[in-house]
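This report concerns only the one structure given below.
The values are calculated or read from the model by the stated rules, or taken from the named source; none is laboratory data. What you see is a predicted model; the values in this text were computed from it and never measured. Because the Cβ atoms are built from the backbone with ideal geometry, glycine has one as well, and the counts that use them run over all protein chains shown. Remember, those area values only see protein heavy atoms, side chains included, never the ligands or the DNA or RNA. Shrake-Rupley method; radii C 1.70, N 1.55, O 1.52, S 1.80 Å.
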Amino acid sequence: MSRPVAIVEAGQETITWADGTTEAVSDTYVRLSSPANITGIPALSLPVGHDAAGLPIGMQLLGTPLSEDVLLRVGHAYEKTQPVRELARA
């Protein structure tokens with residue numbers, strides 16, 4: 001599975017996918033961040049909103065080697081074009 005997943009409850013150890021397979025939470029989360037960690041390419045995570053349960057959602061951007069400046073400019077441009085999304089509290 002190479003799908004993003006929202007945050008899980010504290011203490012939850014596995015995720016069950018729609019097809020019934022289960023996987024460790026740590027394996028699920030690491031899969032999408034490990035390419036940058038292993039290769040050393042720059043990566044940037046940006047908050048992009050909330051899911052239906054009100055949990056935060058992030059977007060990960062990956063750059064090319066030594067392109068931190070470009071990656072930061074792209075992230076900044078995204079943030080400038082998006083409204084600040086505050087989660088309504090009950």
Exercise. Would you mind stating whether GLU13 is of a type in the set (Asp, Glu), out of contact with any helix residue (DSSP H, G or I) (no Cβ under 9 Å at 6 or more places or on another chain), surrounded by fewer than 14 Cβ atoms within 10 Å (Cβ to Cβ) and at negative phi?
Key: no
Practice problem: Could you check GLU86 against (1) at pLDDT below 90; (2) touching a strand residue (DSSP E or B) at 6+ places or on another chain (Cβ under 9 Å) and say which number it fails? | Solution: (2)
Self-check item: Every residue from segment 18-51 that is over 24 Å from VAL74 (Cβ atoms) and surrounded by 13 or more Cβ atoms within 10 Å (Cβ to Cβ)
Solution: GLU23, VAL25, THR28
Quiz item: Say we look at segment 52-61 and pick out the residues that are assigned to a strand (DSSP E or B) and not aliphatic (A, V, I, L, M); which of these is least open to solvent (accessible area, probe 1.4 Å)?
Solution: GLY58
Exercise. Starting from segment 54-67, take each residue that is more than 14 Å from VAL5 (Cβ to Cβ) and list its partners that are part of a loop (DSSP other than H, G, I, E, B) and open to solvent by less than 90 Å² (accessible area, probe 1.4 Å), counting only C-beta distances under 7 angstrom and pairs at least six apart or across chains.
Key: GLY54/LEU87; LEU62/ILE41; GLY63/ILE41; GLY63/PRO42; THR64/ILE41; PRO65/ILE41; SER67/PRO42
